[in-house]
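The next block holds one structure in the form of structure tokens; read it before the comments.
Just so it is clear, none of the values below were taken in a lab; they were calculated from the coordinates. Remember, predicted model here, so these are calculated numbers, not experimental data. A quick note on method: Cβ atoms are made from the backbone with ideal geometry, for glycine too, and the neighbour counts reach across all protein chains shown.
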Amino acid sequence: MSVNFFLGKCQDDSDEKIFGLCDRPGRRPAFLDKDRNNRNIWTAIIVNKQRYQVRFVAVDYCISFPRVDNKKVKRCDAAIFYNSTVTFIELKERSNQRKWLTDGDAQLKNAIEHFKKTDAAADYPVKRAYIANRKQPRFNKAHVRRMDEFFDETGYVLRIQNSVILE
């Protein structure tokens, strides 16, 4: 069964230069926020200097994935699509580094594997993934090995930072 990532619900569009992605407790699914006055709630900051028309799709709590062993499949929070680029994003707000990285890595891989099975995957040859953590916003060179392994497994470039730069 192929998963439909482009259902009408849980989507938004933006061509703003800067906007945020949020995943607040008690508010499901993740959402796009264009109000710069709300930066304090943004988990990921999207930097869109070229003003691409971006389609935001909430994945977790919106898109149905087939169950495995009768259990819900963990998946990332969101994906953004623009031009020929797809970027899957897992939003975190945790301090325990090992746990949030391990969880985020697995959630991204699950969503990516399901996306690869869709007809739409061929439309996006540029493939990226982010684990964005508001409590640990900057890239750490110690993560290079994890990012290399992620690419080898998925074909997606992984970044571990909360600023998502659209190129």
Would you please classify the overall shape of the range 1-100 from the alpha carbon gyration tensor, given that a ≥ b ≥ c denote the square roots of the eigenvalues, rounded means a/c under 1.5, and beyond that prolate means a/b larger than b/c while oblate covers the rest?
oblate
Please work through the chain and write down the cysteines that have no neighbouring cysteine Cβ at a distance under 4.7 Å.
C22, C76
Under a point spin-label approximation (7 Å from Cα along Cα-to-Cβ), what is the D123-Q50 distance to one decimal in nm?
1.8
Relative contact order for the range 1-71 using alpha-carbon pairs under 8 Å, separation at least 6, rounded to a whole percent?
42
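Rounded to the nearest 20 Debye, what is the dipole magnitude of the range 11-52 about its Cα centre when Lys and Arg each give +1 and Asp and Glu each give -1 at the C-beta?
Numbers: 9 positive and 7 negative charges, 34 e Å.
The dipole magnitude comes to about 160 debye.
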Pairs of Cα atoms under 8 Å, at least six residues apart: use those to get the relative contact order of the range 11-165, whole percent.
21
Within the range 1-90, chymotrypsin sites (Phe, Trp or Tyr not before Pro) in DSSP loop having at most 14 other beta-carbon neighbours inside 10 Å:
F6, Y61
Calculate for the chain the 222 nm mean residue ellipticity that helices alone would give, adding -39,500 (n - 2.57) per DSSP H run of length 4 or more and normalising by residue count, nearest 500 deg cm²/dmol.
-6000 deg cm²/dmol
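Going down the list K49/K127; K9/K127; K72/K99; K72/K92, which pairs span over 21 Å between their C-alpha atoms? Intermediate values should be presented prior to the final figure.
Details: K49/K127 19 Å; K9/K127 23 Å; K72/K99 19 Å; K72/K92 19 Å.
Table pairs above 21 Å Cα-Cα are K9/K127.
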Estimated Rh, the range 11-165: Kirkwood, alpha-carbon pairs, angstrom:
15.7
Charge dipole (debye, nearest 20) of the chain; +1 at Cβ of Lys and Arg, -1 at Cβ of Asp and Glu
600
Among all the aspartates and glutamates, which ones have a C-alpha under 16 Å from K17's C-alpha, if same-chain residues fewer than 8 places away are not counted?
D33, D35, E167
